[in-house]
Amino acid sequence: MTEPLRVLLADDQTLVRTGFRLILGADGIEVVGEATNGAEAVDAVRRTRPDVVLMDVRMPEMDGLEATRRILTGAPGEPRVIILTTFDLDRYVYAALSAGASGFLLKDVTPEQLTAAVRTVRTGDALLAPAITRRLVQRFARRGDGDAPALHRDLASLTPRELEVLGLLARGLTNAELATRLHLAETTVKTHVARILAKLGLRDRVQAVIVAYETGLVSAGEGESVQGPAEPSH
């Protein structure tokens with residue numbers, strides 16, 4: 001029997017936490033704790049060991065960005081973090097994604113979107129809303145945003161096909177769309193994506209998108225032109 005999905009809610013608004021708790025509970029998802037600021041969230045994660053944390057960005061005492069950094073240390077068994085925000089173009093959201101958050105949701109998310117998002121990241125996938133994530137990256141990636149940890153990676157280890165996959169992935173294509181575009185089986189695309197993440201030491205597709213923009217593989221304009229590497233891949 002599959003263990004219930006365990007979620008921690010971190011938000012300074014009581015109504016938001018109450019609403020999310022009711023939505024998640026109705027779908028069989030267990031809320032194991034609540035926090036009203038980032039410091040409480042860090043402590044609660046250590047105590048309750050949730051699978052997923054729903055993390056507000058703007059909270060008193062310690063914001064969601066710093067809390068995300070402290071929670072996602074690379075230790076085995078750490079939870080997945082979904083960032084909650086009122087604004088889809090929020091510089092703190094970009095910084096949190098760079099720090100390792102698995103995705104983000106707007107607070108006006110529907111109940112179905114909320115539960116689907118929690119289940120998606122629990123399986124290890126990134127919650128990548130292509131259009132919004134791409135706009136976030138385009139807006140902040142090449143500005144030297146001091147709040148965002150650098151994710152620059154050397155792309156020389158990638159094969160030409162992997163560079164092509166990374167460029168298309170950064171433009172928001174799903175695995176199925178990548179398979180169609182490249183005339184490959186979807187399982188082959190998944191293998192390419194997994195190898196890209198492994199070679200670049202990335203957590204998930206969200207960080208891969210950020211790297212594609214930060215390294216200039218994809219332009220920060222419309223994200224429609226995939227450029228080749230400056231030097232031949234080895």
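If only the Cβ of Lys and Arg carry +1 and only the Cβ of Asp and Glu carry -1, the dipole of region 1-120 around its Cα centre is close to 260 debye. Rounded to the nearest whole Hz, the Karplus-based 3J(HN,Hα) values (6.51 cos²θ - 1.76 cosθ + 1.60, θ = phi - 60°) of region 12-17 follow the sequence 7, 9, 4, 5, 5, 4, with x at glycine and proline.
Taking amide H as placed 1.01 Å from N in the peptide plane, VAL81 has its amide H under 5 Å from the amide H of VAL53, SER102, each at least 5 places away in sequence or on another chain.
Surface composition of region 153-194: carbon and sulfur make up 56 percent of the accessible area, probe 1.4 Å.
Amide H contacts of ALA35 (H built 1.01 Å from N, in plane; Pro and chain starts excluded): LEU9, ALA10, ASP11 sit under 5 Å, all sequence-distant by 5 or more or on other chains.
The phi torsions of region 101-112, fed into the Karplus equation with coefficients 6.51, -1.76 and 1.60 and a -60° offset, translate into couplings of 4, 8, x, 8, 10, 6, 5, 8, 4, 7, x, 5 Hz, rounded to whole numbers, with Gly and Pro shown as x. Phi-derived couplings, Karplus 6.51 cos²θ - 1.76 cosθ + 1.60 at θ = phi - 60°, listed residue by residue for region 49-62: 6, x, 7, 9, 10, 8, 10, 5, 7, 9, 9, x, 6, 9 Hz, with x used for Gly and Pro. Here the relative contact order of region 19-114, from alpha carbon pairs under 8 Å that lie six or more residues apart, stands at 24 percent.
The values are calculated or read from the model by the stated rules, or taken from the named source; none is laboratory data. This one's a predicted model, so the numbers in the text were calculated from it and none came from an experiment. All Cβ positions, even for glycine, are placed from backbone atoms using ideal geometry, and neighbour counts span all protein chains on display. Just the protein is used for accessible areas: all its heavy atoms, side chains included, with ligands, DNA and RNA removed. Shrake-Rupley method; radii C 1.70, N 1.55, O 1.52, S 1.80 Å.
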